[in-house]
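Below: one structure, written as structure tokens.
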């Protein structure tokens, strides 16, 4: 009887594990779509790897939606997570965009709030099991903010690691571009939105404003000042969105998705970052005892 009971228990456990595996295979990578129990399974399946797609709310020329960067970053994060499973945080747009405060629709939070909110967000993600947080940047204005934020993780000891995937630049080899001035809401970004949300692209409006570089500052390349962007592009538009096309968008988004997939695999395989973080903080407690 005991033997029969043991056999039945083993079979039941196997059925449960099989059902669990089947359920895991169907899990949504979207944080907000998971039930509480499914979230637990998703964290296990993702090996504690979670993506934080980071966009912004800003003008994108006269023809594209304010949330273009937001849509694009989450699109590639979700596409990558379908192949290399990770839990993807909801849309996040609390970044640096002071240079577009003169344009309607821009949401520009204070510097202190940007950093505090991002820290508390990653802290909360980690408290929920995300011990590897990969920030997928989709906005050029965050290119200084995010590496700085990652560096501040050495301010105090944490039980998780923050990784930053920089703003993606498509590799050579794709469809030839028609324009050379293409920094914001121009050919490339318009092409990408034609893949992600074509219903929100109004190509017929693209030439209602100029995206030309006015070059109103005459400074050496290695001298930086915050007003440089406004000096060059006062309409917060750089390029010609009318040249956007799906062929280029498909190439860019596929390449960007592949870059996110590569980053997920590298982060999952990384066993050293947290160990070295812990080692660093132990030594930081007694700097005079650190061997040289």
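The values are calculated or read from the model by the stated rules, or taken from the named source; none is laboratory data. Since the structure is predicted, the reported quantities are computational estimates derived from the model, not experimental observations. We place every Cβ from the backbone using ideal geometry, glycine too, and count neighbours over all the protein chains shown.
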- If you check 221, 199, 240, 182, which single one turns out to be under 26 Å from the mean Cα position of the chain (by Cα) and free of Cβ contacts under 8 Å to residues at least 12 places away in the same chain? 199
- Regarding residue 204, is this residue exposed (fewer than 12 other Cβ atoms within 10 Å of the Cβ), in a helix (DSSP H, G or I) and in contact (Cβ under 8 Å) with a residue 24 or more places away in the chain? yes
- Message: Just to be sure before I move on: is residue 171 in contact with a strand residue (DSSP E or B) (Cβ under 8 Å, 6 or more places away or on another chain), part of a loop (DSSP other than H, G, I, E, B) and surrounded by fewer than 20 Cβ atoms within 10 Å (Cβ to Cβ) in the structure I sent?
- Response: no
- Scan 259, 263, 255 and give me the residue that is touching a strand residue (DSSP E or B) at 6+ places or on another chain (Cβ under 6 Å), at pLDDT 95 or above, on the phi < 0 side of the Ramachandran plot and part of a helix (DSSP H, G or I). 263
- Task: For the range 50-63, enumerate the residues that are in a loop (DSSP other than H, G, I, E, B) and surrounded by fewer than 24 Cβ atoms within 10 Å (Cβ to Cβ).
- Result: 57, 59, 63
- Note on the structure: Quick count over the range 47-60, residues being over 14 Å from the mean Cα position of the chain (by Cα) and more than 19 Å from residue 269 (Cα to Cα), is 4
- Which residues, counting only those in the range 122-139, are part of a helix (DSSP H, G or I) and surrounded by 17 or more Cβ atoms within 10 Å (Cβ to Cβ)? 122, 125, 126
- Note on the structure: The condition of being free of Cβ contacts under 8 Å to residues at least 40 places away in the same chain, in a loop (DSSP other than H, G, I, E, B) and under 17 Å from the mean Cα position of the chain (by Cα) holds, among 94, 85, 149, only for 94
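Checking the conditions here, which among 66, 27 is out of contact with any helix residue (DSSP H, G or I) (no Cβ under 9 Å at 6 or more places or on another chain), modelled with pLDDT of 95 or more and in a loop (DSSP other than H, G, I, E, B)?
Testing whether each residue is out of contact with any helix residue (DSSP H, G or I) (no Cβ under 9 Å at 6 or more places or on another chain), modelled with pLDDT of 95 or more and in a loop (DSSP other than H, G, I, E, B) leaves just 66.
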- Being over 14 Å from residue 182 (Cα atoms), in a loop (DSSP other than H, G, I, E, B) and touching a residue at least 24 places away in the same chain (Cβ under 8 Å) narrows it down to one of 226, 215, so name that one. 226
- Which of (1) at pLDDT 95 or above; (2) part of a loop (DSSP other than H, G, I, E, B); (3) over 30 Å from residue 129 (Cα atoms) does residue 156 not meet, given it meets every other one? (3)
- From the option list 102, 44, single residue qualifying as surrounded by fewer than 18 Cβ atoms within 10 Å (Cβ to Cβ), over 21 Å from residue 138 (Cβ atoms), at pLDDT 95 or above and within 22 Å of the chain's Cα centre (by Cα) is 44
- Just checking, how many residues over the range 266-283 are outside any helix (DSSP H, G or I) and either modelled with pLDDT under 95 or loosely packed, with under 13 Cβ neighbours inside 10 Å (or both)? 2
